[in-house]
1. Long-range amide H contacts for residue 179: which residues qualify at under 5 Å (H placed 1.01 Å from N, peptide plane, sequence gap of 5 or more or a different chain)?
2. With the cut-off at 1.5 for a/c, could you classify region 161-214 from its C-alpha gyration tensor as rounded, prolate or oblate?
3. Once the dipole of region 161-214 is set up with Lys and Arg at +1 and Asp and Glu at -1 on Cβ about the Cα centre, which of 214, 170, 183 lies farthest towards its positive end?
4. Given 28/203; 28/127; 92/127; 21/171, which pairs have Cα atoms separated by over 26 Å?
5. Spin-label point model (7 Å from Cα, Cβ direction): what's the residue 65 to residue 186 distance in nm?
6. What number does region 10-85 give for Rg over Rh if you use C-alpha atoms and the Kirkwood radius?
7. By counting other Cβ atoms within 10 Å of each Cβ, how are 194, 110, 86 ranked from fewest to most?
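What follows is calculated from the coordinates using simple rules that are stated; it is not laboratory data. Computed from a predicted model, the values in this text were never measured in an experiment. Every residue, glycine as well, gets a Cβ built from its backbone with ideal geometry; the counts of neighbours run over all protein chains shown.
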Amino acid sequence: MSSWDDDDSAAAAATDVELLKRAWRNEKAAPEILRFDSPLVSRVREQIQLLEETLDDFADSGVDDLVVSLYQMDLDRTLFLLRSYLRLRLQKIEKYTMHISRSDDLLSRLSQQERRFAKSCAEIMEKHLEQSVLSKLPYGYDSVTRQSLSSTEDDMVPEPQLDTFVFCKTKSDVGAFQLDDIGEEVVDLVADDLYVLRYKSIKGLVEGGRIDLI
């Protein structure tokens, strides 16, 4: 069986709460915003609704308090994870609003609600900067994204530092993996081993679900 088959089997065996916890850890550790897992979030929300309905039924049927307490703990844990996951993403959107709003790739990683939030944040920020600062600066220095007319890129737009080192754990054997563009840095990635690597080097493996950030 290939390592990809192993990954699929492990994913199938994991509960949605475990998958959400993994998505939360990856989002928390990654310097950039990751792709929103819409199917997973939808399933988790359905589970939350089912748990809430079950607890309501318990209240009407006199179920043992211990059973009710266990269901309530499960509900509270799931709610906490979901809210924390969504909050982490909103914090990144707020921090890198201008950067995200100028990239089709980054915008495609957001949910529909997050895209609306990002657009609103960008508009509010631009309006605030224009009214409070930029309108008072001389021509050539009144750009939201560039320091001056001589700037060749958007040097005033905060961007995530993809060179950041991250702790990660391989989910399967990857084998010899090239960490740089010219092949001078190669590491043998073995299943279930821990590594400290630059995020940009393993970004594709994180997106492909072959490595988890921790």
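1. 185, 186, 187
2. oblate
3. Farthest along the dipole direction, towards plus: 214.
4. Numbers: 28/203 14 Å; 28/127 30 Å; 92/127 20 Å; 21/171 15 Å.
Too far apart for the 26 Å limit: 28/127.
5. Output for this residue pair reads 6.5 nm.
6. 1.06
7. Working: 194 9, 110 20, 86 17.
Going from least to most buried by this count: 194, 86, 110.
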